[in-house]
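Heads up, the thing below is written out as structure tokens.
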Amino acid sequence: MEGTLEKLLAKYPELSACETDIQRAFETLRDCFQGGGKLLVCGNGGSAADAEHIVGELMKGFMLRRPVSEADRAAFVEQFGEDGTYLADHLQGALPAVSLVGHSALSTAYANDVAPDLVFAQQVYGYGRDGDVLLAISTSGNSNNVLQAVRVARLKGLRTIALTGRDGGLLRDLCELSIVVPADSTPDIQERHLPIYHALCIMLEEAFFQQ
């Protein structure tokens with residue numbers, strides 16, 4: 001785990017200013033998953049794509065194999081025979097994560113019928129439970145729909161992590177923990193977000209699935 005972070009900083013030395021916050025984010029997410037919680041992720045535009053990307057890395061194998069447990073394998077085979085063997089051979093261990101940007105029917109209906117700036121907040125209100133984590137991504141730190149989601153998360157008892165840039169915007173102080181990359185333009189910020197969340201996903205995978 002430490003090796004992954006060291007490799008990240010060796011490749012992107014400008015991110016050394018974020019080292020402590022990246023480590024703290026990893027520990028927060030690790031504790032969440034160990035406690036049976038889940039991760040919620042939201043963002044706009046390119047950050048919405050990042051939200052989907054992060055969930056994709058956590059919910060299936062990324063850098064390591066994630067075979068189902070022997071107990072689950074035995075249960076699948078006992079219950080379903082050959083179909084159970086197929087399930088056991090192809091299912092993978094997952095770290096529960098939900099992207100809030102991909103539910104088109106809910107999002108369009110809520111934006112049209114209720115309040116477009118509360119699309120993420122509504123989902124946090126519905127999904128969020130004490131012990132979960134919300135990862136809020138905004139290059140400016142001032143995306144209103146992301147800020148509203150964080151406000152709901154705090155009242156629901158979720159831990160909150162910001163991934164942002166520039167001066168962190170309003171998001172920096174609103175979240176419990178903020179990773180603020182040292183860049184000003186949106187493309188530069190996004191290009192630094194990707195290796196950070198890749199490193200976090202690798203560190204988490206190593207923590208839960210390293211054999």
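Computed quantities for the displayed model
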| item | result |
| --- | --- |
| Tensor-based shape of the range 127-211 (alpha-carbon gyration tensor, a/c under 1.5 rounded, otherwise prolate or oblate) | oblate |
| Reachable lysines from Lys156, criterion Cα separation under 27 angstrom, eight or more residues apart if same chain | Lys38 |
| For the range 52-168, convex hull of alpha carbons as volume per residue, Å³ | 141 Å³ |
| Measure of compaction for the range 112-153 (Cα Rg per 2.2 N^0.38 Å) | 1.14 |
| Rounded to the nearest 10 Å², the accessible area of Tyr110 at probe 1.4 Å | 40 Å² |
| Loop-exposed trypsin sites (Lys or Arg not before Pro) per DSSP, neighbour cap 15 Cβ within 10 angstrom, longest uninterrupted part of the chain | 130-211 |
| Share of pairwise Cα separations in the chain, more than 27 Å, in percent | 33 percent |
| Inverse mean reciprocal Cα-Cα distance (Kirkwood Rh) of the range 1-126, Å | 17.6 Å |
| Mean shadow area of the range 1-59 over all directions, Cα convex hull, nm² | 4.8 nm² |
| Full-stretch length increase - Ala115, Arg66 - with 0.36 nm per residue and alpha-carbon distance subtracted | 13.6 nm |
| Probe 1.4 Å, all protein chains present, accessible-area order of Asp50, Asp173, Asp167, largest first | Asp173, Asp167, Asp50 |
| Residue of Ser178, Ser104, Ser138 that the Gaussian network model of the chain assigns the largest fluctuation, springs spanning Cα pairs under 10 Å | Ser104 |
| The range 94-163: equivalent-ellipsoid semi-axes (sqrt of 5 x gyration tensor eigenvalues, Cα, Å) | 18, 14, 12 |
| Whole-number D in µm² s⁻¹ for the range 171-211, Kirkwood Cα-pair radius fed into Stokes-Einstein, 20 °C, 1.002 mPa s | 180 µm²/s |
| Gaussian network model of the chain, springs between alpha carbon atoms under 10 Å - residue of Thr160, Thr28, Thr186 with greatest fluctuation | Thr186 |
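The values are calculated or read from the model by the stated rules, or taken from the named source; none is laboratory data. Quick caveat: nothing in here was measured; it's all calculated off a predicted structure. Ideal geometry is used to build each Cβ from the backbone, glycine not excepted, and the neighbour counts take in all protein chains shown. Quick note on the areas: whole protein, heavy atoms, side chains included, nothing else; ligands and nucleic acids left out. Shrake-Rupley method; radii C 1.70, N 1.55, O 1.52, S 1.80 Å.
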